[in-house]
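Everything below concerns the one structure shown next.
The values are calculated or read from the model by the stated rules, or taken from the named source; none is laboratory data. Predicted model, so just to flag it, every value in this text is computed and none were measured. Because the Cβ atoms are built from the backbone with ideal geometry, glycine has one as well, and the counts that use them run over all protein chains shown. Remember, those area values only see protein heavy atoms, side chains included, never the ligands or the DNA or RNA. Shrake-Rupley method; radii C 1.70, N 1.55, O 1.52, S 1.80 Å.
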Amino acid sequence: MMQIEDQFRQLRLHGMNRTWSALLETRKSSELTLSEGLEILLQAELQEREQRRFERLEKNARFRYQASIEEIKWEADRGLDKTLISSLATGNYLSQGESVLITGSTGCGKSFLASALGHQACAQGFKVAYFNVQKLLQKSKIARAEGTIYKFFEKLAKMDLLILDDFGLTHLEQQQQLDLMEIIEDRHGKKSTIIASQLPVGSWFDIIGEETIADAILDRFVHTSYRVELKGESLRKKR
């Protein structure tokens, strides 16, 4: 038995090793046929690897909140469409490269909802990156100065889901406008993006600034995205 456990460890079959030990401790191993035991061990190993992949994806995403779809508050005055959120939770929009706009006043739960959708995407095996927009544009500025901007854009373009939080807190400088346009252009029709903003979409044109770039970004994003408009008072006040 020890030899079997050693071989499990050498092959890094951690899920199988734990389940094998449990079967021995409960003496259920003798009650199973070879095919039944093998099925249990393989299923345990599959679950172990899926969990490790989820934990790795979740860590790399750097979410603002630890959140889940199950924790979303569905009060009627929040304006949440449960059917829409349930549909997004299936992950079909990610497979189609579709995007989501989440708007609402400060504290109404935009970042939490974006994080919950991001965690759900990780659980489904998708690669996710979560950024505050200003910090993202600061990173692009640094990457440009270091001569790694194309590598930076390529990394973002490979993400199955890019979450851009707190969009519109400040007006964009000219280079920031171009960088945002580059990011959106790389993802348009291919990969999904979630943008969360306290500003209504009608105000985005002024925030982006330059007319041609604003038109291009809004054309590629706003008119083809799912819309979630949160309402009600700040959830922070309710706590």
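General observations
- Filter result for R62 (open to solvent by 100 Å² or more (accessible area, probe 1.4 Å), touching a residue at least 60 places away in the same chain (Cβ under 8 Å) and under 18 Å from Q120 (Cα atoms)): yes
- Some residue of region 75-88 being within 16 Å of G125 (Cα to Cα) and not acidic (D, E): yes
- Some residue of region 212-224 being within 21 Å of T83 (Cβ to Cβ), among the hydroxyl-bearing types (S, T, Y) and at pLDDT 85 or above: no
- In region 24-65, the residues that are at positive phi and more than 32 Å from the chain's Cα centre (by Cα): R27
- Test result for G118, farther than 19 Å from A61 by Cα, crowded, with 19+ Cβ neighbours inside 10 Å and of a type in the set (G, A, S): no
- Residue in region 135-142 that is under 22 Å from I208 (Cβ atoms), touching a residue at least 24 places away in the same chain (Cβ under 8 Å) and among the basic types (K, R) present: yes
- Filter pass, E229 being free of Cβ contacts under 8 Å to residues at least 40 places away in the same chain and either of a type outside the set (K, R) or over 22 Å from R78 (Cβ atoms) (or both): no
- Index of the failed condition, E98 passing every other in (1) within 23 Å of L180 (Cα to Cα); (2) among the charged types (D, E, K, R); (3) surrounded by fewer than 16 Cβ atoms within 10 Å (Cβ to Cβ): (3)
- With respect to (1) modelled with pLDDT of 90 or more; (2) out of contact with any Gly (no Cβ under 7 Å at 6 or more places or on another chain); (3) open to solvent by less than 90 Å² (accessible area, probe 1.4 Å), the lone exception for G37 is condition (1).
- Figure legend. Inter-residue proximity from region 94-120: first residues touching a residue at least 24 places away in the same chain (Cβ under 8 Å) and in a strand (DSSP E or B), second residues among the hydroxyl-bearing types (S, T, Y) and open to solvent by 10 Å² or more (accessible area, probe 1.4 Å), beta-carbon distance below 9 Å, spacing 6+ or different chains. Indicated pairs: V100/S225; V100/Y226; L101/S225; L101/Y226; I102/S111.
- So L169, is it free of Cβ contacts under 8 Å to residues at least 60 places away in the same chain, open to solvent by less than 30 Å² (accessible area, probe 1.4 Å) and either of a type outside the set (D, E, K, R) or not in a strand (DSSP E or B) (or both): no
- Number of residues in region 125-165 that are crowded, with 19+ Cβ neighbours inside 10 Å and closer than 21 Å to L94 by Cα: the value is 14.
- Residues that are out of contact with any Lys or Arg (no Cβ under 7 Å at 6 or more places or on another chain) and under 16 Å from S99 (Cα atoms) within region 186-201 comprise D186, R187, G189, K190, K191, S192, I194, I195, S197, V201, listed in sequence order.
- Only a single item in (1) assigned to a helix (DSSP H, G or I); (2) open to solvent by less than 40 Å² (accessible area, probe 1.4 Å); (3) among the β-branched types (V, I, T) is not met by T83, and it is number (2).
- Residue count for region 189-217 satisfying the condition of being surrounded by 15 or more Cβ atoms within 10 Å (Cβ to Cβ) and within 17 Å of the chain's Cα centre (by Cα): 7.
- Selection of helices (runs of 4 or more DSSP H) fully inside region 1-67 by the criterion of at least 3 residues being within 30 Å of F112 (Cα to Cα) returns 34-61.
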